[in-house]
Every structure is written in C-alpha cells, then in structure tokens.
2 protein chains.
Amino acid sequence: MTAADEVRALALAAKAASRVVAALPSEVRRHAVLSLADALLASRDAILAANAADVVDAREAVAAGEMSAATLQRLTLDARKLSEVAVQLREVAAQDEPVGRVRERTLLDDGLELRRVTCPIGVVAAVFEARPDAVTQIVALALRSANAVVLKPGREVRRTARAIVDAMHACLRTGGAIPPAAIAMVDDRAAVDVLLTLDDLIDLVVPRGSQALVRSVMQRTRIPVLGHADGVCHVYLDAAADPAMAVELVVDAKVQYPSACNAVEVVLVHRDAAPTLIPALVTRLRAEGVTLGGCARTVALAPDDVSLAADDDWHTEWGDLRLTIGVVDDVDAAIAHVNAHGSHHTDAIVTEANGAADAFLARVDSACVFHNASTRFADGFRFGLGAELGIGTGKLHARGPVGLEGLTTYRWELRGSGQRVASYAGAGARAFRHERLPAGDGAR
Amino acid sequence: MTAADEVRALALAAKAASRVVAALPSEVRRHAVLSLADALLASRDAILAANAADVVDAREAVAAGEMSAATLQRLTLDARKLSEVAVQLREVAAQDEPVGRVRERTLLDDGLELRRVTCPIGVVAAVFEARPDAVTQIVALALRSANAVVLKPGREVRRTARAIVDAMHACLRTGGAIPPAAIAMVDDRAAVDVLLTLDDLIDLVVPRGSQALVRSVMQRTRIPVLGHADGVCHVYLDAAADPAMAVELVVDAKVQYPSACNAVEVVLVHRDAAPTLIPALVTRLRAEGVTLGGCARTVALAPDDVSLAADDDWHTEWGDLRLTIGVVDDVDAAIAHVNAHGSHHTDAIVTEANGAADAFLARVDSACVFHNASTRFADGFRFGLGAELGIGTGKLHARGPVGLEGLTTYRWELRGSGQRVASYAGAGARAFRHERLPAGDGAR
C-alpha cells in the first residue's frame, strides 16, 4: 500500500465510522466525550512524557530562531493545562444537542409531513499547528455533533497529539459504541496533500493556524473550508463617539492580545472628532508601545508619533503592536472603507448616535459587526458557543465564531402514506395544503 | 476595455448595487418584485417578439437534430406562459421576509447583547440553459432576498432573456430605489469563464441545466456553487412494503416526468418481497414502456423483461424511461447501497414497518429522505418554498430544494456600552452571563 493509499484507507474508515456515529443517540455521544475527558487525565503521565519530548525539540527550534517563544509556550503542557483541557471537553459535552433538531415542519397534504432536521456533516479534516488543545477541542466538537474527524496536527506537537489520540482510542475501544476509526490522525505533510484531494470522503476542512497555513489549505482543495486567512478588523470612531470609551475600546482591541485574529488593525476616525480624538488616542497608544501609521490628515494631527502609512498598511493584519489610523468624512465613508479594505471578519463602530450605529451594523459586510464593544469579543467562548471550531469569513455555511452548529447540516424528511406526484398534476389535481406546523425545534 | 474588463466592471457594479439593495426595507424590495411582474406584462409584445426570433433558430436546431423537441417547447413563450411567469413573481413577492430575521439572541453581560441576524449573500451568478422562466424566477428570488444577480442565460434564449432584462431595467429606473446594475446580464460563453474567476465579487454561483453544464461550472470555479450534477435517486421496497403502494410509487417516480432530477433511477427490493413484488413491478413498468436492467436475482425472477445490468447502471442518471432493479438482503444493505452508489439527492423507502423507515431516514446520507412518498416531491414548489433557486446536494449551506433561504447568510451583531475584553480576563475578572433570550425570529 502506498502512503496515499494509506491516507485514503484512513479516510474511508473514518467515513464508515461517521455513519455509525451519526446513528448513535445523543446521550451515548455526550457520554463518550465525558469519557474522553477522564481518559486524558488517566493517561496524564504518557501525554506529558510525549509533550516533554516535543518541548525538547521546540526549545532547540527557539534557540535556533526557528520558533517564537509564544509558540513554545502554547505547545507546552503541564498537569494544570491538561486539567483545563478536560474541563473544556466537559463543557462541550454539556452543550445542547446539535443534531436531530426539527427546524421546520410543513404539512404538505393530509398524511404527508415534511420536516427539516439537523444532521451531522460527516467527516471533518482538521489541519492545525502547534496547539495540543486544538486536538482535544476538535475531537470533542466532532463527536458531540455525531461526526468523524481526521486530524493533522503541527509537526511540533506530533508526539503529544499521538499520545492524546492513543489515549482516546483506548477509551473508545473500552466504551464500544464509537469506532476508534472515528478519530483518525495523519502525521506528515504529504498526507495533507492527499487528504485535501479526497472530496468524496472529507466533507469539511478546518485549518487553524497561521495565515500561510490557512491560505495554503484553501488554495489546494475543492473541499469546503471553514476558516479565515485574514483578520483585518476595523474600529470606526464616529463624530458622536464618547471620547473616553473610544480610546479604551481601541486600546483593548489592539493591546490586550495583538496576535489574535480579532485584534484591530485599522482605526477610522470621523473628521469632526479627529482634532481632539486623534491626539488623545495617539498619546495613549504610544504609552502602550504601539507603533502608528496614518493618513496625511492623521499625521498632521500628531506629526511626532504617526508616520505616513503605505498603501498596503490599510489591509495588513499586523498581529503585533502596530496600528494604522485614518480620517474619514462620515459614517458612509467609513462603511465604504471597511467593505473595500477589510477581511469581512469583525468591525466595530463607537458612537452614541443610534442612526450611525444602525447604518454601520446593517451595511458593513462582515461576519461580526459590533457597536460600542471591543472587536476582541468575536470568539466562540465569549459568544457562549461553548468551544470554538474556528472563525469563518466566507458567506456560505457557518460564519463568524463557529461552535457545534458549524459541524451540522440538515436533511429534508418527508413521511407520507403512498402519495404520488401525479395526483397533484393536471385536471382534477389535488392542491397542496402547505400548512406550517410548530417546529418545536427540540431534539428528537 | 477588454471583454474580461467589461465583465469585471459589470460584476463590480452589481456588487455596489448589492450593497444598496441590502440596505432597503422589506416593503421596498417586495414592491419592486411586484412591479417587475407588471413590467413583464406591459412589455409583452417586445418579449414575445424577441422570443419568436429565438424560436426560429431553435426550430432550425431541432430540424438539424441539434436540439430536442422538449427544449424547443420549454423555450417557447406565449401570452399565457408570460402570465404564469408574472404569477410566479407575485408568489415570490408574497413570501415571508428572509433577511433581518433574528435567529438567536444572547445576553453576554449587562448591556452587551449578541444577535445572529440573517442577511443577504451579496451577488449571485446564475448560469443556465434554455429557460426564459429561470431568468425571471432567479431575479425575483435575488431581489426579494436583497441580493444582486449576474445572469448568463443559455445561447438559445439570449434574445428573450435580453428583452426580459431590458423590461426589468426600465422598471427599476422608473422605481428608483433599486439600481438597474443589480440585474446584470452577460451574453457569451467567454464571459462565463471570466465570471467564474471573480471570487472577490461573486458570492455564489447557481448553475441550472444539464449535468454537463453543472459539472463544468463546478470544475471551473472556486466560488461556492449551489447545485447538483447528478440525481441518481433510489426507491427501496422493504419486506414490509404495501405491494400496491410500492408499484404505484415506483411508477410515479419513474414515469410521471422521467427527465427530472428527482425521478428514480434505481429500485432496490428486499429479498423476501422480491419473488412477488418484482414480477408485479416489472409487468407494470413494461406496460408503461420502461426498459429494465437488473441484478442476477432480478433477472432470474423476470428473465423475459429484465436484462443483466452493467456496473455503471447502478450509478447512472438515465433521465428517460430506463430503470435498474436490484435485490438486497435487508434494510441495512439497502442503506449501504444508496450511500455507496447514490448522489445524495433524494431517496425513498416504501414500508409499513416504522423501524425500517426510521433507520432508512436516519442513516441515508442524502439531502431528501422520504418514507412512503414519491421521490418526485423533492421540489421547491411542492415543499412550499414558493419558488426554487435550485436543488443542492452539497453538505454546506442550503441543501435539497432551495428557495429564498439559500440566498441568505447571517451576521453576528453585538451591541454594547463600552465593554472591553480585558474586564473578563485575569484576577477579579467579570464573568459572562450568556443568557439565552427569546429570538422571536421576526423580521426587524
């Protein structure tokens, strides 16, 4: 068997397993996720030993300047972090059942009832970088929503990820209900190339990591991808912005965690507010260590602290303590700028004028549009989704922060009593009733 | 300007128009669709004259054996058909408002409310063949759901489509609210090649026509496609099927309109029912002029009327009066066969046993799963969706028959009062409330 055949065989087994998982009742899947949490704690020594080996390599990479200290910190596990991972899994287990929910019911005719019912997507391929907790989170989300998953963790955490998956497989073998093939893992980069061609077996790809990783995945596959390459988020400070709130929200959105995708990269300021707001904002941001670029009007208001921005600066995700500031003529200009230069991720307006807020929220074409709140709230946990599969900036399927619902689709179930279409055609045809029934929206 | 630049300019103008349309209130868009219906009737003479010119060419094509008589019939308009088109438009206008609906509301904290709100997708490109009514239906669906549309009608109806679009443009110019650029049309095949590359401007492609057209569109673009290349639908006749109902449902699903994508192509029969059911079914289908292939067990039961099926016959969409019949050991084998060989479009079980029906509906991985009803019910009008944009067999976004909802997505709106993420992190952090509020689901 070639390496490509092996990857296909894994994906085929995951597809078969996904059909078994899809037929399991909610309680069995919920219980399985709880058992996985216990299994991770029970296998703590093996997982931490594997992680220690990954950490040795990572320290060398940091010393050689090939890895950031932040990445090293993210990939390092200890007993406390592993306990937190178990807590996260239990939170996913506790989420409302996402599949089997009746979203619509229509009585087409006597004895002919149509239901739109949520169901799992099938097999999800997760491609990510150096995050051990991404492995556990994605597995928990996938099983809770009755899917199978194929994992490709970053090279830097491959031993940790393998130890985690081994512990999970042992747990599933004991449990018996979920085939271990429902959690598949591939190790090397060549395997990803194969995975991304399997559009007959993989239903969704979720890349999590750097822009380069996400872009590379998007470019290499015809399978639908849930994710975002860029997070060029804007905060627009309106003429009617509360000045203190404006400054505090920009600081929060930029400084609290600058490498997050929902951190602000461009601040737009209404020209009437600019003369007072820009100097105050610049002083505060400089004190926080932020490097500032801006348009000519901004530079004129703070020539010592703001350099003239280059064209690219208006659509660059800095990911660090840099920020671009522009003056705009009105809310319409702000909206046009965001739609033209943004990445449709998260954009916010700060204003006390409800008309301007309503216009901004209605007309900015982004997954998340905020009024008087930090862009950093765009996050599955903060949104109350329990855990985050990823953040989507596409228009189809799940958008913005995505939890369990992003792993479901729906099917149309029609239950009749022998009805033929011919009865509804031609002379003397029956008419449809098309009577909306209460969906209830409860899980079956 | 090159031809490619012209197409891009049209799409850019459509994108700009889509932002205008997205900001219009429901009543304005509803009224616009009603006005379009009136405008088509008012321009009846011009439209029918253009259609007559298309019909002259089409008759020649039929005479030369390059077009089917059915296609000629479909593309021919008369006063009565045009009136029906106007009625269809009024039905789309009457549908419930699809955008601005609040699907979820969560109070994240005091004064910090999150809403998930439906919104338009943006710009839809519709690529279709010889159907004048597809032009009007797609325009009506797009405007009703606050989108713009770029149309590429089949060459065979280009004069008719142009006359229809001219009438609509004149109507929009009079109305004033919707920019005429919201309805764009391109004429030639080269323009489609350009359109399919514009993934920064076009949000969704809807191909309607032959398998070859749909497949070609899917292969040439990275823009999400709503559609289906194949409709290999199954009817499974269970051991506990009512024999008379089984025969009537298969006849309806095959004979009533064999070229429809929801017509049945493969019938599976439980081995216990086969000895009585297959001879009865074969006799009836032969009387209806259906040519039959089957597995060895089927041929043994009706050697004079059924020939041995080739491997390909099990996943071929015949589109005419041909059908393949197979004997299976049980409902599990039927489900496995459908999942392995079907096209995830529409599959039905005929049985009086609820356990078998539940298993089939839960485990067949198709957009539409039916019990004791003809596969031909898989249709937007019959489902009560008002009009049909298309039928999707993908797992993401809208699935099965798709009406207005398939042209919407959602955004997350967060309204706060200055909340910063920093307040919810670290020691003494605030806790989120994450309190579900009634969504109401009403349009804003």
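The values are calculated or read from the model by the stated rules, or taken from the named source; none is laboratory data. Just so it is clear, the structure is predicted and the values come from calculations on it, not from any experiment. Every residue, glycine among them, receives a Cβ derived from its backbone with ideal geometry; neighbour counts consider all protein chains shown. What goes into the accessible areas is simple: the full protein's heavy atoms, side chains included, and nothing from ligands, DNA or RNA. Shrake-Rupley method; radii C 1.70, N 1.55, O 1.52, S 1.80 Å.
Observations, loosely collected:
- Residue among B:Leu361, B:Leu151, B:Leu268 with the largest mean-square fluctuation in a Gaussian network model of chain B, springs linking Cα atoms under 10 Å: B:Leu361
- Chain A: most fluctuating residue of A:Ala239, A:Ala126, A:Ala387 per GNM, C-alpha cutoff 10 Å: A:Ala239
- Cβ-defined net charge surrounding A:Ala333, 15 Å radius [Lys, Arg +1; Asp, Glu -1]: -2
- Relative contact order computed over chain B (Cα-Cα under 8 Å; 6+ residues apart), in percent: 20
- Whole-number percent relative contact order across the stretch A:34-182, with pairs defined as alpha carbons under 8 Å at least 6 apart: 28
- Inter-copy spacing of A:Ser210 label points, which lie 7 Å from Cα along Cα→Cβ, given in nm from shortest upward: 4.7
- Relative contact order of the stretch A:108-156, pairs being alpha-carbon contacts under 8 Å that are 6 or more residues apart, as %: 46
- Relative to its residue count, the stretch B:3-220 spans a Cα convex hull of 138 Å³ per residue.
- In the stretch A:345-407, the inverse of the mean reciprocal separation of distinct Cα atoms equals 12.3 Å; this is its Kirkwood hydrodynamic radius.
- Legend: calculated FRET efficiency, A:Val20 to A:Asp96, from the Cβ-Cβ distance at R0 = 22 Å, rounded to 0.05, equals 0.45.
- Per DSSP, loop GluC sites (Glu not before Pro) in the stretch A:65-156 with at most 11 further Cβ within 10 Å: A:Glu66
- Inter-label distance, nm, simple model (7 Å from Cα along the C-beta direction), B:Arg271/A:Arg322: 7.0
- Protein heavy-atom surface of the stretch A:233-377, 1.4 angstrom probe: 52% of the accessible area is carbon and sulfur, with nucleic acids and ligands not counted.
- Average accessible surface area per residue within the protein assembly as shown, 1.4 Å rolling probe, Å²: 38
- Taking the C-alpha atoms only, the angle from helix B:3-22 to the longest principal axis of chain B is near 70 degrees.
- Heavy-atom accessible area, 1.4 Å probe, ligands and nucleic acids excluded: residues of the stretch A:371-408 down by at least 50 Å² from chain alone: A:Phe377, A:Arg382, A:Phe383, A:Lys395, A:Leu396, A:His397, A:Arg399
- Rg ratio (alpha-carbon, reference 2.2 N^0.38 Å) - the protein assembly as shown: 0.99
- For A:Gln256 and B:Asp304, the FRET efficiency from 1/(1 + (r/R0)^6), where r spans their Cβ atoms and R0 equals 60 Å, is about 0.15.
- Inter-label distance for B:Asp312 and A:Leu12, nm, one decimal - labels placed 7 Å from Cα along Cα-to-Cβ: 2.3
- Largest-first principal axis extents of the Cα set of the stretch A:132-244 (Å): 63, 31, 27
- Restraint check, B:Lys81/B:Lys254; A:Lys15/B:Lys254; A:Lys395/B:Lys15; A:Lys15/B:Lys395, Cα-Cα greater than 19 Å: B:Lys81/B:Lys254; A:Lys15/B:Lys254
- Summing Lys and Arg as +1 and Asp and Glu as -1 over all other residues whose Cβ lies under 10 Å from the Cβ of A:Ala148 gives a net charge of +1.
- With its label point defined 7 Å out from Cα along the Cα-to-Cβ axis, A:Gly319 lies at 4.8 nm from the matching points of the other copies, in increasing order.
- Accessible area of the stretch A:1-149 belonging to carbon and sulfur atoms, whole % at 1.4 Å probe: 55
- Copy-to-copy label separations for A:Ala79, where each label sits 7 Å from Cα toward Cβ, in nm and ascending: 9.0
- Build a GNM of chain A with springs between Cα atoms under 10 Å apart, and of A:Ser83, A:Ser374, A:Ser343 the one that fluctuates most is A:Ser83.
- Take the accessible area of chain B alone and of chain A alone, subtract that of the pair, and you get about 6000 Å² summed over both chains, using a 1.4 Å probe.
- Counting Cβ atoms of other protein chains within 10 Å of each Cβ in B:114-121 and taking the mean gives 3.
- Of every Cα-Cα pair in chain A, the percent that sits beyond 41 Å: 29
- Fully extended contour minus Cα-Cα distance, from A:Ser83 to A:Ala170, at 0.36 nm per residue: 29.4 nm
- A:Val62/A:Phe381 FRET efficiency (R0 25 Å; Cβ-Cβ; nearest 0.05): 0.35
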